[in-house]
Amino acid sequence: QVQLVESGGGLVQAGGSLGLSCAASGGTFSSYHMGWFRQTPGKEREFVASITSRSATTYYAGSVKGRFTISRDNAKNTVYLQMNSLKPEDTGIYYCAAQRVTSLYYDHWGQGTQVTVSS
């Protein structure tokens, strides 16, 4: 089992930037693929970005590609999400998630951090 704690959320104006962090503990961080998801009241949880465990291959939702960057530091057991050129539609609760390399799904989730983008 791995525990995840997100941080870095806040209020930012449209066009601004914000960086999120997700600290992992209680597991072998390098053995997990990591992902970021977001959820807004009244909307389904949606995929934002992910990064694989070893090769650090990245994937992005089309809505954030070119604006967001996911990265990881296995020595610090931390995954990051740098968000630039933010839009009001980026508003939501952002969740960090971990997927064991032997699993087909993200099995561990953080508590979430609120991101609000004003227009």
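Summary of values
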{"read-out": "Residues of region 1-35 that turn out to be assigned to a loop (DSSP other than H, G, I, E, B), modelled with pLDDT under 95 and either of a type outside the set (S, T, N, Q) or closer than 13 Å to ASN77 by Cβ (or both), as a count", "value": "4"}
{"read-out": "Filter pass, GLY110 being in contact with a Leu (Cβ under 6 Å, 6 or more places away or on another chain) and surrounded by fewer than 19 Cβ atoms within 10 Å (Cβ to Cβ)", "value": "no"}
{"read-out": "Pairs, first on the phi > 0 side of the Ramachandran plot in region 18-35, second assigned to a strand (DSSP E or B) and surrounded by 13 or more Cβ atoms within 10 Å (Cβ to Cβ), C-beta under 6 Å, six or more apart", "value": "GLY26/GLN3"}
{"read-out": "Of all residues making up region 40-77, the number that are within 20 Å of GLY16 (Cα to Cα) and among the polar types (S, T, N, Q)", "value": "4"}
{"read-out": "Residue within region 43-52 that is in contact (Cβ under 8 Å) with a residue 60 or more places away in the chain, out of contact with any Asp or Glu (no Cβ under 8 Å at 6 or more places or on another chain) and open to solvent by less than 70 Å² (accessible area, probe 1.4 Å) present", "value": "no"}
{"read-out": "Pick from region 6-22, criterion aliphatic (A, V, I, L, M) and more than 11 Å from the chain's Cα centre (by Cα), ranking: most open to solvent (accessible area, probe 1.4 Å)", "value": "LEU11"}
{"read-out": "Looking only at region 23-56, and only at residues there that are over 9 Å from the mean Cα position of the chain (by Cα) and β-branched (Val, Ile, Thr), the one that is farthest from TYR95 (Cα to Cα)", "value": "THR28"}
{"read-out": "So GLY92, is it crowded, with 21+ Cβ neighbours inside 10 Å and under 23 Å from SER119 (Cα atoms)", "value": "yes"}
{"read-out": "Of all residues in region 62-119 being of a type in the set (Phe, Trp, Tyr) and either assigned to a strand (DSSP E or B) or touching a residue at least 12 places away in the same chain (Cβ under 8 Å) (or both), the one that is nearest to GLY9 (Cα to Cα)", "value": "TYR94"}
{"read-out": "Which numbered condition MET83 fails, given (1) open to solvent by 20 Å² or more (accessible area, probe 1.4 Å); (2) in contact with a Lys or Arg (Cβ under 9 Å, 6 or more places away or on another chain); (3) not basic (Lys, Arg)", "value": "(1)"}
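The values are calculated or read from the model by the stated rules, or taken from the named source; none is laboratory data. What you see is a predicted model, and the numbers here were worked out from it, not measured in a lab. When we count neighbours, we look across all protein chains shown, and the Cβ atoms used for this are built from the backbone with ideal geometry, even at glycine. Please note that ligands, DNA and RNA were not included when accessible areas were found on the heavy atoms of the full protein model with its side chains. Shrake-Rupley method; radii C 1.70, N 1.55, O 1.52, S 1.80 Å.
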